[in-house]
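Nothing in this text is a laboratory measurement; each read-out follows from the coordinates by a stated rule. The structure displayed is predicted, hence computed values, not measured ones. With ideal geometry, Cβ positions are generated from the backbone for all residues, glycine too; neighbour counts draw on all protein chains shown.
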Amino acid sequence: MTESVLQLLYFATMVTMVAVGWFCTVLALPGTWMILATAAVYAWLTPDGARWDISMEVLGVLLGLALVGEVLETLWSAAGVKKQGGSRRGAVLAIVGSLIGAVVGTGAIPIPVVGTLAGACAGAMLGAILGESWKGRDLDHALRVGNAAAWGRLVGSLAKICVASIMVGVVLASALLR
């Protein structure tokens, strides 16, 4: 294969894998890390100065965005718990519950995205309610905290999807606008 055909093949594979990474993010899987890994492998395979190259600076930006996405997704649910006066136990169990709920929801509701997101939100809610009840709080308080955890998880997931969308734009702009 000639070098230009090989570069075109690398580019097409990179675009496909970045799209898969974005979809994985929507499914509450580590898609932002997949986008970063895809860009890194592509940058390593593509010679410097090639037509569709990705620089180390862009990889640094992608790493920063992936970290921001993870922080937003993880902390929004806990922040919802804290905002309603919930305990640290409620916040931690909201995070754990959202992870377990995402897995269970994906299997229980076989509609892509819907099952995962519904399961994550329900898991965050149940985890926060369990944490608050375990702490000895009354049911009304536990339900308020659980509701805030579910909404926080939803907002966190949507924020991470936005970050993944930005990452896709950065990768494509970096590769195409040379």
- Item | Contour minus Cα-Cα distance for residue 68 and residue 173 (0.36 nm per residue) | 35.8 nm
- Message: Output wanted: per-residue J couplings in Hz (rounded whole) for region 145-160, from phi through Karplus 6.51 cos²θ - 1.76 cosθ + 1.60, θ = phi - 60°, x for Gly and Pro.
- Response: 5, x, 4, 5, 5, 5, 5, x, 5, 4, 4, x, 5, 5, 5, 5
- At what distance in angstrom do the alpha carbon centres of region 34-77 and region 80-142 lie from each other? 30
- Whole-Hz ³J(HN,Hα) from phi, Karplus 6.51 cos²θ - 1.76 cosθ + 1.60, for region 162-169, glycine and proline x: 5, 4, 4, 5, 4, 4, 4, x
- Query: So which lysines can residue 135 reach, going by Cα to Cα under 21 Å and dropping same-chain residues fewer than 8 places off?
  - Reply: 82, 83
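Relative contact order, percent, of region 3-176 when contacts are C-alpha pairs under 8 Å separated by at least 6 residues?
So the answer I get is 27 percent.
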- Sort largest first and round to whole Å: the equivalent ellipsoid semi-axes of the chain, each the square root of five times a Cα gyration tensor eigenvalue. 40, 15, 10
- For residue 138 and residue 103, what does the FRET efficiency come to when R0 = 30 Å and r is the distance between their Cβ atoms, rounded to the nearest 0.05? 0.50
- Item | FRET E, pair residue 48, residue 88, Förster distance 45 Å, beta-carbon r, rounded to 0.05 | 0.40
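If each DSSP helix of 4+ residues adds -39,500 (n - 2.57) and the sum is divided by the residues in the chain, what number results at 222 nm, nearest 500 deg cm²/dmol?
After summing the helix terms and dividing by residue count, I get -29000 deg cm²/dmol.
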